[in-house]
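The values are calculated or read from the model by the stated rules, or taken from the named source; none is laboratory data. Computed from a predicted structure; not experimentally measured. In this analysis, Cβ positions are derived from the backbone assuming ideal geometry, glycine residues included, and neighbour counts consider all displayed protein chains. With ligands, DNA and RNA removed, areas are computed over all heavy atoms of the protein, side chains included. Shrake-Rupley method; radii C 1.70, N 1.55, O 1.52, S 1.80 Å.
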Amino acid sequence: MMDFLTDLWGFMKVRKKFWLAPLILVMVLLGGLIIVAQGSAVAPFIYTLF
C-alpha cells in the first residue's frame, strides 16, 4: 500500500497534477463514511444527503 502511495505522489509531483490530491482525499472520506454507516442507525440519514 505504501508503494502505491509513493508512486501516486511521484506521479502528481512530476506531472504537476496536485489538484488530484483533494479529489482523492474526498473520495476516500466518502468511501469511509459509507463503510462506517453501513450497519448503523445513521445510514438512512446519510443516504438522504445523496
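With a cut-off of 14 Å on the backbone N, the residues of region 4-36 near the modelled label site 7 Å out from residue 49 along Cα-Cβ are 26-36.
Relative to the longest principal axis of the Cα atoms of the chain, the long axis of helix 20-37 makes an angle of roughly 30 degrees.
Note on the chain: with neighbouring protein chains present and a 1.4 Å probe, carbon and sulfur make up 77 percent of its accessible heavy-atom surface. The residues of the chain present an accessible area of 90 Å² per residue when probed at 1.4 Å with all protein chains retained.
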